[in-house]
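Asks: Take this structure first; my questions come after.
The values are calculated or read from the model by the stated rules, or taken from the named source; none is laboratory data. The structure presented is a predicted model; accordingly, all values stated were derived computationally and were not measured. Here Cβ is always computed from backbone atoms with ideal geometry, including for glycine, and neighbour counts include all displayed protein chains. Surface areas here come from the heavy atoms of the whole protein model, side chains and all, with no ligands, DNA or RNA. Shrake-Rupley method; radii C 1.70, N 1.55, O 1.52, S 1.80 Å.
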Amino acid sequence: PVAERAKFIPLRLSLAERKMLRLVESSMKCSTYTTSVDSGTFKNEAKRTHKMLQGITGVLHGLVMSCNYEAGQKLVEERDFAQYESYFQSQFEIARRHKVMNPEKMRAEYGKMVYMMADAMKPEIKDSLGFDIKGDLLTVYKFLEEKGETDLLEDKYIEIATEEVLAEKGKSRQEIQSQIKKKEKAVRYIKEKYSSHNLSEEEIHLCLYSICDNNSYLNSNRLPVDKMISYLREYFSPTSIDEGYSLSIVSGESGARLSHSHGRQYYFALQSLTLWRDILDDMFRLWSLAESDLLSSSLSYSLMDTGQGMHRVQQAPQTYRAMQSLLKRVQDNVETWIGSSMIHLGDHNVPNALNFIDKYTQVPRILGPIVVCLENVEKMVEDDENLETFVNRSFGGLEKLKKDILYDFFKSAFDGSGASNFYDAGSCIDGRLTSAWNWCQALPEKDFYIIFKLTGFTGFDGDFR
């Protein structure tokens with residue numbers, strides 16, 4: 001239901017808030033906070049705490065001084081941060097809200113900001129600052145609740161008013177225009193019905209478009225997973241094997257760390273993709289729980305060398321319980337669960353909730369380029385006779401090329417590879433994604449890599465900004 005989802009959907013930023021976002025983003029971009037405090041070179045915790053306090057107060061001073069130079073000077077002299085509590089909470093809340101709605105943005109800045117906020121929540125630092133840096137995320141539900149208009153989310157036209165109109169394959173221009181008109185009519189109806197002296201039409205519009213943003217996020221991020229599931233079902237069958245296309249894998253061969261028959265590998269890939277889809281579907285709620293774990297004053301962390309540099313290893317009970325629930329839901333929908341049910345969170349594989357969120361926001365980045373390649377090569381072959389000739393001679397035709405790419409992915413991206421032991425990779429929940437990343441790393445060595453390049457592939461990481 002929309003009303004339930006709205007509790008975790010951030011409210012779209014206003015123009016004034018976007019100006020403040022640029023300030024916070026710029027502050028974190030030039031900050032070296034995590035580099036300084038997480039270096040692991042401090043002789044004792046007291047020296048590290050002092051360094052934390054220096055870094056945090058430096059950022060806070062900058063945020064005030066950039067808006068009001070005189071007030072900033074006064075803050076440096078008096079160090080009375082508590083008087084700006086609501087201002088600081090608002091600033092960081094805006095940045096957090098923007099990040100949740102745009103996971104591809106602030107990829108370096110967000111991590112520094114959240115770690116800095118987590119340190120500011122430590123009792124000894126919180127006492128020195130004299131205020132609580134954490135503010136509640138402004139969601140659509142919370143905004144409407146404050147206005148006393150949550151009934152809007154139960155309206156019979158809310159689904160139509162917030163749906164994303166997509167120019168899908170096979171949909172005529174007339175159908176698209178008709179869908180747009182229905183949506184505009186539903187938006188007008190809701191604005192007229194629920195607008196009051198408490199809630200303006202502009203504010204209703206903001207709420208509706210925030211929910212629409214969420215639908216857009218789900219469509220764009222979940223779509224590659226749905227398409228890969230449909231490709232798996234279209235080109236392969238668990239009960240029959242086309243000659244030369246057995247998905248079976250044997251541990252020790254071609255880097256595989258698992259042994260599966262064709263049927264087991266088919267279901268192993270299908271179950272993994274289904275789990276990823278459900279995680280992406282519930283990402284906004286998971287993100288909210290992850291931030292709650294990260295910014296909890298009762299959950300401490302340990303700075304450890306995990307084998308991939310220094311990381312903050314911290315338990316994330318709320319996120320872990322939510323993942324267990326999601327996993328159980330997927331397991332209940334399949335006859336037999338293949339592989340381990342181990343969820344890595346709060347250990348050297350996935351040190352904390354921030355790493356967990358970052359890991360699963362990569363799923364569309366892995367699957368998206370594969371889907372784009374398969375779709376683009378089909379269009380390009382239709383339009384270019386020379387390319388069609390090349391594909392026919394080098395790969396045996398378009399359909400064989402597509403099947404070869406999918407065969408290699410479904411076989412090698414779910415083979416338990418990517419680490420030197422079964423605990424780190426294998427068939428565990430986290431290890432499935434590790435294997436997929438390992439396939440991405442090996443892509444340039446594949447025969448069909450040239451097809452990826454011809455269809456516009458630049459990399460799996462996208463624009464780092």
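Asks: For n ≥ 4 DSSP H runs only, could you compute -39500 (n - 2.57) per run for the chain, divide by its residues and tell me the 222 nm figure to the nearest 500? Can you show the working numbers first?
Replies: Numbers: 21 runs with 284 residues, N = 465.
Roughly -19500 deg cm²/dmol at 222 nm, from the helical runs in the chain.
Asks: Need the full-extension length gain, K122 to D151, defined as separation in residues times 0.36 nm minus the C-alpha distance. One decimal, nm.
Replies: 6.6 nm
Asks: In whole Hz, what ³J(HN,Hα) sequence does region 29-46 give by Karplus (6.51, -1.76, 1.60; θ = phi - 60°), x for Gly and Pro?
Replies: Computed from phi, the couplings for region 29-46 are 5, 8, 7, 10, 4, 5, 4, 6, 8, 9, 6, x, 9, 6, 6, 8, 5, 5 Hz.
Asks: Net charge near I241, counting Lys/Arg +1 and Asp/Glu -1 over other residues with Cβ under 14 Å of its Cβ?
Replies: With Lys, Arg at +1 and Asp, Glu at -1, the net is +1.
Asks: Related question: What number comes out for accessible area per residue over region 195-264 if the probe is 1.4 Å? Units Å², please.
Replies: Result: 50 Å² per residue.
Asks: What ranking do 297-304, 106-113 get when scored by the average of other Cβ atoms within 10 Å per residue, highest first?
Replies: Highest-to-lowest ranking by the protection proxy: 106-113, 297-304.
Asks: For K446, K43, give the ranking by accessible area with the largest first, probe 1.4 Å.
Replies: If we order K446, K43 from most to least accessible, we get K43, K446.
Asks: With an 8 Å Cα cut-off and a minimum separation of 6 or more residues, compute the relative contact order for the chain in percent.
Replies: Value for the chain: 15 percent.
Asks: OK, next. In whole Hz, what ³J(HN,Hα) sequence does region 264-270 give by Karplus (6.51, -1.76, 1.60; θ = phi - 60°), x for Gly and Pro?
Replies: Listing the rounded values in order: 5, 5, 4, 6, 5, 5, 4 Hz.
Asks: Let me ask you something else. For all pairs of alpha-carbon atoms in the chain, what percent lies in each bin of width 20 Å, listed from the first bin to the last filled one?
Replies: Per 20 Å bin, starting at 0, the Cα pair percentages come out as 21, 49, 28, 3.
Asks: Relative to the first principal axis of the alpha-carbon coordinates of the chain, what is the inclination of helix 85-101, with its axis defined by its Cα atoms, in degrees from 0 to 90 and to the nearest 10?
Replies: 10
Asks: Between T139 and residues 5 or more places away or on another chain, which pairs have amide H atoms under 5 Å apart, with H built 1.01 Å from N, and which residues are they?
Replies: L11
Asks: Taking 0.36 nm per intervening residue step and subtracting the Cα-Cα distance, what contour gain separates D447 from A46 on full extension?
Replies: Full-extension gain reported as 138.8 nm.
Asks: Full-extension gain between R188 and E159, please, as 0.36 nm times their residue separation minus the C-alpha to C-alpha distance. Intermediate values should be presented prior to the final figure.
Replies: Numbers: separation 29, 0.36 × 29 = 10.44 nm, distance 1.36 nm.
Taking 0.36 nm per residue and subtracting the Cα distance, the gain is 9.1 nm.
Asks: Here's a follow-up. Enumerate the aspartates and glutamates that K169 could reach by cross-link, defined here as Cα to Cα under 18 Å, with residues fewer than 8 away along the same chain left out.
Replies: D226, E234, E375, E378, E382, D383
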